[in-house]
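This report concerns only the one structure given below.
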Amino acid sequence: MKPAAGISRRSALQAGGLALAFTWFGAGKAFAAISPRQQPGDAAAALADGNPAFAPNAFVRIDADGGVRLVMPMAEMGQAIYTGSAMLLAEELGVELDQVRVEHSPPNEALYGMPLLGGQITGGSTSTRGTYGVLREAGAVARTLLVSAAAEQWKVDPESCTVARGVVSHAASNRRLGFGALASAAAKLPMPEKVTLKEPKDFKLIGQPLRRVDSAGKVNGSTQFGIDVRLPGMKVATVRACPTLGGVLASVDDKAARAIPGVIDVLRIKDAVAVVGEHFWAAKRGLDALTIQWTPGQNAALTTLQLRAALANALAKDKAILGKETGKRPEGTLVQATYDLPMLAHATMEPLNTTVHVRPDQCEIWVGTQVPTRCVSAAAKIAGVAEDKVVLHNQYLGGGFGRRLETDSVEQAVAFAKQVPYPLKVVWTREEDIRHDIVRPMYHDDISAVVDSDGHILWFGDRIAGGTVLGRWAPAFMGKDGMDSDLIECVAEPCYDLPNLKVEWVRHDMPAGLNVGWWRGVGPTHNLFVMESFIDELAHRAKKDPVAYRRAMLKKNPRTLAVLDLAASKIGWGQGALAARVGRGVAVGDAFGSRVCAIVEAEVTPQGEVRMRRAVVAVDCGIAVNAGSIEAQIQGGLLFGLSAALFSEITLREGAIEQSNFHDYRMLRINEAPPVEVHTVKSGEAPGGLGEVGTAIAAPALANAIFAATGVRLRALPVNRALLAQDKEALKKKIADSGFSGSNGLDARSAV
């Protein structure tokens, strides 16, 4: 993609991968910069931001002292979007990154909503894709008006003026004026019909590896996350909800808890108890002293094995929804496999927390959330006030991964806070956070292919069973036929040239009380593991090199072929033999608008332990905004995905999540993390997403490396070390004796 030098208001957003269609000009029309004089909603937002001298649109605030503020439509949860967005604005506005102060936006669908995501939402690796054109244009509009104000005052042609570090200059007359001095005059000018955006060759900031704008505050502790909120008169509560999913509270004996110094109160709602203290430790001690009786409800006997069996039964017997079919299955050799993926928790670094102050006519909330307007709506219903009486202050998020797309912890906090007159901070312990997560769904796939005598794929099919997140979270976005497009992403539109393809989904939702949610990498995390593992199986069956096998199917996809070739060359694929029980696994995919290839080198000990020696990732994310953020996001995402593949699984026993903390919901430790090299393909295409790309590609690369090292094909996650500790003959005998195929990750047809 090559952005046009001159760009109209209506066409500006075509420069981005995902258009933001604001309500100002009606559905389908692009964002247009509107001054506070012309748009009451924008004027009100600017007034709330301190009545700046110049607020040409929803995002830019220039104060009388020349200070530049960016009101961010997205939440910052570690993905460095505040830095990337500030760079986009600064590039076109004519300031340096250190001159931009970033502020959280208020809940406001009209000004900051993303209709394609269903509202004011941060998720799906859409932030840069959605604002690349918007924020550049916002900066260009502001710059154009400021230059026009200076040119009018000097009686010169605006084209003869230049802008640098927030100063407009006219070299011929040696005159200079800062943004602060021009702000009031610029605010009175009419909106320009057209603004000029820079050509990529003229970028000074975009593409550079710049330091994050929030680094200093995080180092010195001044950055405020939700859990850091302190208010006058505030008390702290911690909670315990019914351990059985969907169960309710029966009774509480709180005498011992109330006797503990610092305990103030014990609060109850339908399915949970909160102990309020002067500080968290008092509340936690009080909570531990409670004697609680629960009514477990209909899930009292529910187990993971029952859920898995129900999925397999649904896949075999229930009617499927057709996601995509490009051709009928031809004659040839049919190869089949079954893959299973577990439920997963988000386990963010910052446990869930919300601070709430409920007054008779207002509900005020301090929280880090990916969905501020959804939180407002949910809180209003529980507090019994109108939505315009709910004030939400968004905070920095200590990790989101999709967990903070949910409003359950905010709803709970409001239900407790409305019982007391003071501000109440409700903090979940790590145990509460994991045991009451809204987990990633489990999946069961029957995947198959018809191949010719040379191993070429003639037909590819994937029949998926699993619950829908979209159907609960945003049912209006489901297809007319009931299809959840996220659930089949990357397999319905594979990166490969496959002549015939059939993808179908059997909807099988979890029992009431067991809600499922989006997890970092969403649909591609599931589908790329299944597809790339099976592609590797087919390559092995055809006795072909896994990279060469993929390369032959990517001739019509040069961008993905380029990342495959780059990663293979950087790791030295095929150059020299590896040691015994050491293997390399490759996986490629087109996800979130980016192209990615990961190659993992792993050693498997005779005891079945997996030691990752090296990981190389090549990515084409289109125009790179911040080169440093690309590396950080790919590294972090890959390690997140590798951690889940090696260790993570949420299981149920008697209707309750068994895992509770990092001793039984394991994460990669520093000594276990491999060196991760990230190589970027220089590209002029529209920006792609990054936050979830590394996670989505991690598991198949690791599983394929394990197969290369051991000959054991794992078709289920997390990695089963017991299987890897056995030699091939013992493994063959075990499979033959049991007559088992599939659900523990092995298949007698191609496991060895």
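Just so you know, all these numbers are worked out from the coordinates, no wet-lab data involved. Remember, it's a predicted structure, so these values are computed and weren't measured experimentally. Every residue, glycine among them, receives a Cβ derived from its backbone with ideal geometry; neighbour counts consider all protein chains shown.
Laid out as a table, the results:
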{"item": "By average C-beta atoms within 10 angstrom, highest first, the peptides 65-73, 131-139, 616-624", "result": "131-139, 616-624, 65-73"}
{"item": "Simple label model, 7 Å out from Cα along Cβ direction - D65 to K555, nm", "result": "6.5"}
{"item": "Protection-proxy order for peptides 429-441, 90-102, each taking the mean of Cβ atoms within 10 Å per residue, highest first", "result": "429-441, 90-102"}
{"item": "Per-residue HN-Hα couplings for segment 379-386 [Karplus 6.51, -1.76, 1.60; θ = phi - 60°; Hz; x = Gly/Pro]", "result": "5, 4, 5, 6, 6, x, 10, 5"}
{"item": "Rounded to whole Hz, the Karplus (6.51, -1.76, 1.60) HN-Hα couplings of segment 527-540, x for glycine and proline", "result": "6, 5, 4, 5, 5, 6, 5, 6, 4, 5, 4, 5, 4, 5"}
{"item": "Part-to-part distance (alpha-carbon centres) for segment 618-675 and segment 140-163, which is given in Å", "result": "49"}
{"item": "Estimated inter-spin distance, K324 and R613, nm [label 7 Å along Cα→Cβ]", "result": "3.6"}
{"item": "Reach of K425 by Cα under 27 Å, taken over lysines that are not fewer than 8 positions away in the same chain", "result": "K218, K235, K255, K270, K284, K381, K389"}
{"item": "Over segment 443-738, equivalent-ellipsoid semi-axes from the Cα gyration tensor in Å", "result": "26, 25, 22"}
{"item": "Theoretical gain in end-to-end length, A580 to L305 [0.36 nm per residue, Cα-Cα removed]", "result": "95.4 nm"}
{"item": "Inter-probe distance in nm under a simple model that places probes 7 Å from Cα toward Cβ, at F477 and L47", "result": "3.3"}
{"item": "Distance from segment 50-95 to segment 485-519 (C-alpha centre basis), Å", "result": "38"}
{"item": "Order of T196, T355 - criterion: other Cβ atoms within 10 Å of each residue's Cβ, fewest first", "result": "T196, T355"}
{"item": "The chain - mean residue ellipticity at 222 nm from DSSP helices (-39,500 (n - 2.57) per run, n ≥ 4, rounded to 500)", "result": "-9000 deg cm²/dmol"}
{"item": "Cα-based reach from K328 at 29 Å (exclusive), listing lysines while leaving out same-chain residues under 8 positions away", "result": "K317, K319, K480, K502, K543, K544, K555, K556"}
